[in-house]
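Peer 1: Got a structure for you, written out below as structure tokens; questions coming shortly.
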Amino acid sequence: MCPIILTFLLYVASSHAGETSELPRGHMEPFGGHRPADVPILETTTIPDPWTFWEDYVEPGVPLILRGAARESPAFELWTEEYLKEHYGDLEIRLEGKNEATSRIPVGAMGLGRDTIESFVDHYQETDAYVISQLPEPMYHEVSVLRCMSCGNMGGRIVEADLWMSSGESVSIMHKDAFNQINCLMQGTKRWKMVHGSYEEFIHPAWEPEREIGGRSSIDVTKVDLIAYPNITKIRWSDFTLNPGDCLFLPKGYYHQVTSHGSTNLAVSLLFSRISTFEDDDCDPVDQPHIPLSEMFVLWSWPGHGVMSMGNLDVWDVQSTYAKIAHNKGVLTKERFLEEILVPFPERVTDKYVQDLLKAWDVIDPKDKGQLTLDEILALDTATMVRHTLQMDMVEPSNTLEFEYFYIDGEDIRDLLFDMLDNFGSVQKDQFIVAYTTHPEYSGTEEFALEVWNKLKTADPNLATREEIEANIEEALENWRAKRIFDLTPANDTSGQSLLWQDEDKVADALQKARETKSKDEL
């Protein structure tokens with residue numbers, strides 16, 4: 001070999017070796033490679049009483065591993081694949097991909113992101129699908145609410161119950177949740193990596209609107225780029241594994257990343273409110289029992305069919321917000337109520353949405369006084385607050401069977417059709433369906449592909465010409481355009497500003513038009 005070339009190669013090799021030695025420990029490794037886990041999480045094999053649970057864990061926000069506690073639920077023994085199919089096979093569940101950061105939304109028997117339990121059990125070992133769903137109410141009786149939270153305003157303020165199921169190797173992002181929860185593992189194992197909220201400034205939070213209570217890190221947990229995200233090296237963290245039969249109390253706001261293992265991984269999570277005091281009115285001071293979930297009130301229960309309510313607002317928290325305003329200002333006015341909703345959600349300001357808010361106000365102010373006192377707010381019952389919240393809160397698209405309209409951009413469908421025209425001169429029906437349902441960036445359903453195709457109004461049922469596509473593409477994509485949600489970004493997020501943030505007449509005009517429409521309806 002030429003001496004000059006050899007010298008050059010040795011120089012390059014030594015240079016890269018120097019660079020490698022200077023890289024931070026754990027660079028491009030899974031989260032936690034930067035330092036050993038050295039923050040222990042408390043464990044117990046004895047389920048504490050409600051007062052101890054509140055004082056030592058919930059109130060101070062301290063996680064607790066409850067070894068063996070899930071065995072108190074009949075589901076631990078009963079929920080085999082065969083049992084789930086036989087008893088709950090027709091119930092619907094919501095799907096995501098196993099890798100929360102990169103997977104596409106899978107297609108199930110009921111559509112994009114929606115399956116039945118029977119169909120999922122039949123196919124999940126060979127697919128990327130992962131159940132992250134509301135627990136259908138018919139399954140409640142086989143889940144126990146542990147004695148530590150089965151009474152008072154912990155048991156009385158269960159917001160929702162969720163079901164998690166996969167064939168293992170699912171990977172979550174690093175994130176925090178808005179609610180307290182107890183997560184109980186029935187099958188498989190889960191490795192938890194946790195970070196206390198005091199390290200939030202070093203977690204490299206991804207941007208979210210100011211209104212959001214949860215949060216997530218920007219890092220790729222499978223290979224953390226410590227050059228791009230250097231503050232990760234400052235984080236101390238916890239590392240532990242839940243085994244079948246174990247539960248975890250996860251306080252609100254505690255960052256965590258979970259990797260599931262086992263050919264079947266099955267868990268149930270009970271979410272309860274962000275309470276600030278413990279009211280123990282109905283707690284047994286001697287021996288508080290475990291209680292079947294079916295005997296508890298769950299704010300957002302779901303029958304297992306139709307539109308879900310996963311992620312809906314905590315109505316008790318909403319009521320508390322109104323009460324604080326009335327306490328500080330003397331009353332809650334209709335105008336202040338509108339501002340409380342419209343300031344955090346600038347993208348929602350339309351005539352229709354303001355009309356919906358006015359109808360929501362009517363639920364809590366049926367006499368149309370225009371204001372509510374603190375006593376009147378505190379007297380509102382939960383059923384009234386649920387009706388009020390449903391009227392004002394927009395439905396999360398992934399909770400519906402129309403999710404595909406929101407998930408796939410109509411412009412992408414347009415591009416797909418015109419790319420096929422450019423490549424082939426015309427579009428074959430079967431080719432379009434295959435391309436739409438197997439696209440590398442999204443995978444839609446044949447049902448929605450046929451909706452597009454049928455609205456192209458082709459003379460030949462199996463062939464679309466350029467002229468036909470150009471003439472009918474707008475009508476073919478009308479549902480995708482109608483359902484499109486305005487994307488809030490850092491550039492257009494004005495949720496922390498005054499109500500009249502950009503155009504001082506925008507909200508005023510919307511309010512006036514809404515009131516005029518409402519007056520006409522009443523006539």
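The values are calculated or read from the model by the stated rules, or taken from the named source; none is laboratory data. Keep in mind that what you see is a predicted model, and the values were worked out from it rather than measured. Neighbour counts are summed over all protein chains in view; Cβ atoms, including those assigned to glycine, are modelled from backbone coordinates with ideal geometry. For accessibility, only protein heavy atoms count, side chains too; no ligands or nucleic acids. Shrake-Rupley method; radii C 1.70, N 1.55, O 1.52, S 1.80 Å.
Peer 1: Pairs only if they're at least six apart or on different chains, beta carbon under 7 angstrom, first in segment 293-306 and closer than 25 Å to Gly113 by Cβ and hydrophobic (A, V, I, L, M, F, W, C), second in a loop (DSSP other than H, G, I, E, B) and open to solvent by less than 50 Å² (accessible area, probe 1.4 Å); list them, first residue then second.
Peer 2: Leu293/Val143; Trp300/Ser309; Trp300/Asn312; Trp302/Pro136; Trp302/Met308; Trp302/Ser309
Peer 1: If you don't mind, another one. If you scan segment 377-398, which residues turn out to be without any contact (Cβ under 8 Å) to a residue 24 or more places away in the chain and not in a helix (DSSP H, G or I)?
Peer 2: Ala379, Asp381
Peer 1: Please indicate, with yes or no, whether at least one residue in segment 69-76 is at pLDDT 95 or above and closer than 19 Å to Trp192 by Cα.
Peer 2: Pass one, segment 69-76, residues at pLDDT 95 or above: 69-76.
From what's left, closer than 19 Å to Trp192 by Cα: 69-70.
Scanning segment 69-76 turns up at least one residue that is at pLDDT 95 or above and closer than 19 Å to Trp192 by Cα.
Peer 1: Criterion first (in a helix (DSSP H, G or I), open to solvent by 10 Å² or more (accessible area, probe 1.4 Å), touching a residue at least 12 places away in the same chain (Cβ under 8 Å) and out of contact with any Phe, Trp or Tyr (no Cβ under 9 Å at 6 or more places or on another chain)) does Leu401 satisfy it? Quick ask: steps written out before the conclusion?
Peer 2: Working: in a helix (DSSP H, G or I): no; open to solvent by 10 Å² or more (accessible area, probe 1.4 Å): yes; touching a residue at least 12 places away in the same chain (Cβ under 8 Å): yes; out of contact with any Phe, Trp or Tyr (no Cβ under 9 Å at 6 or more places or on another chain): yes.
No: the conditions fail for Leu401.
Peer 1: Let me ask something else. For segment 270-279, enumerate the residues that are part of a loop (DSSP other than H, G, I, E, B) and buried (at least 20 other Cβ atoms within 10 Å of the Cβ).
Peer 2: Step one: filter segment 270-279 for residues part of a loop (DSSP other than H, G, I, E, B), giving 273-279.
If the condition is that a residue be part of a loop (DSSP other than H, G, I, E, B) and buried (at least 20 other Cβ atoms within 10 Å of the Cβ), then Ser273, Ile275 are the ones that fit.
Peer 1: Which members of segment 222-263 meet the condition of being touching a Leu at 6+ places or on another chain (Cβ under 8 Å), surrounded by fewer than 22 Cβ atoms within 10 Å (Cβ to Cβ) and in a loop (DSSP other than H, G, I, E, B)?
Peer 2: Start the filter on segment 222-263 by keeping residues that are touching a Leu at 6+ places or on another chain (Cβ under 8 Å), which leaves 226-227, 232-233, 242-249, 256.
Add one more test, that the residue is surrounded by fewer than 22 Cβ atoms within 10 Å (Cβ to Cβ), and what stays is 226-227, 233, 243-245, 256.
Listed by number, the residues that qualify are Leu226, Ile227, Asn243, Pro244, Gly245.
Peer 1: Hey, could you check segment 193-221 for residues that are part of a strand (DSSP E or B) and at pLDDT 95 or above and say which is nearest to Phe240 (Cα to Cα)?
Peer 2: First pass over segment 193-221, keeping only residues part of a strand (DSSP E or B): 193-195, 205, 215-217.
Filter again for at pLDDT 95 or above, leaving 193-195, 217.
Numbers: Lys193: 7, Met194: 9, Val195: 12, Ser217: 20 Å.
Here the residue is Lys193.
Peer 1: Another one. With the requirement that a residue be loosely packed, with under 14 Cβ neighbours inside 10 Å and either under 14 Å from Gly152 (Cα atoms) or aliphatic (A, V, I, L, M) (or both), what does segment 296-311 give you? Explain how you work it out, then say what you get.
Peer 2: We begin by selecting, within segment 296-311, every residue loosely packed, with under 14 Cβ neighbours inside 10 Å; these are 297, 303, 305-307.
Matches in segment 296-311: Phe297, Val307.
Peer 1: Conditions: (1) among the hydrophobic types (A, V, I, L, M, F, W, C); (2) open to solvent by less than 10 Å² (accessible area, probe 1.4 Å); (3) over 30 Å from Lys234 (Cβ atoms). Val195 meets all but one. Number of the miss?
Peer 2: Unmet for Val195, out of (1) among the hydrophobic types (A, V, I, L, M, F, W, C); (2) open to solvent by less than 10 Å² (accessible area, probe 1.4 Å); (3) over 30 Å from Lys234 (Cβ atoms): (3).
Peer 1: If you don't mind, there's one more thing I want to ask. Going through segment 128-138 one residue at a time, which ones are within 21 Å of the chain's Cα centre (by Cα), in contact (Cβ under 8 Å) with a residue 40 or more places away in the chain and surrounded by fewer than 21 Cβ atoms within 10 Å (Cβ to Cβ)? Please lay out each step first, then the result.
Peer 2: Step one: list which residues in segment 128-138 are within 21 Å of the chain's Cα centre (by Cα), which gives 128-137.
Within this subset, residues satisfying the condition of being in contact (Cβ under 8 Å) with a residue 40 or more places away in the chain are 130, 133-137.
Of everything in segment 128-138, just one residue is within 21 Å of the chain's Cα centre (by Cα), in contact (Cβ under 8 Å) with a residue 40 or more places away in the chain and surrounded by fewer than 21 Cβ atoms within 10 Å (Cβ to Cβ), namely Glu137.
Peer 1: For the subset of segment 350-376 comprising residues that are touching a residue at least 40 places away in the same chain (Cβ under 8 Å), open to solvent by 50 Å² or more (accessible area, probe 1.4 Å) and not in a helix (DSSP H, G or I), which member is nearest to Met394 (Cα to Cα)?
Peer 2: Thr350
Peer 1: Counting residues that are closer than 22 Å to Phe403 by Cα, which helices (runs of 4 or more DSSP H) fully inside segment 70-133 reach at least 3?
Peer 2: On the way: elements: 75-78, 81-88, 117-123.
Because the criterion is at least 3 residues that are closer than 22 Å to Phe403 by Cα, the helices (runs of 4 or more DSSP H) in segment 70-133 that meet it are 117-123.
Peer 1: Okay, moving on. If you go through segment 29-73, how many residues are more than 30 Å from Ser276 (Cα to Cα), of a type outside the set (D, E, K, R), open to solvent by 50 Å² or more (accessible area, probe 1.4 Å) and more than 27 Å from the chain's Cα centre (by Cα)?
Peer 2: Total satisfying the criteria: 1.
Peer 1: Scanning segment 280-333 for residues that are of a type in the set (A, V, I, L, M) and assigned to a helix (DSSP H, G or I), which turns out farthest from Glu96 (Cα to Cα)?
Peer 2: Let us first name the residues in segment 280-333 that are of a type in the set (A, V, I, L, M), namely 286, 291, 293, 296, 298-299, 307-308, 310, 313, 315, 318, 323, 325-326, 331-332.
Still in the list and also assigned to a helix (DSSP H, G or I): 293, 315, 318, 323, 325-326.
Numbers: Leu293: 25, Val315: 27, Val318: 29, Ala323: 37, Ile325: 38, Ala326: 41 Å.
It comes out as Ala326.
Peer 1: Please work out which one of (1) within 30 Å of Trp237 (Cα to Cα); (2) open to solvent by less than 30 Å² (accessible area, probe 1.4 Å); (3) of a type in the set (A, V, I, L, M, F, W, C) is the condition Ile117 fails and give its number.
Peer 2: Going through (1) within 30 Å of Trp237 (Cα to Cα); (2) open to solvent by less than 30 Å² (accessible area, probe 1.4 Å); (3) of a type in the set (A, V, I, L, M, F, W, C) one by one, Ile117 breaks only (1).
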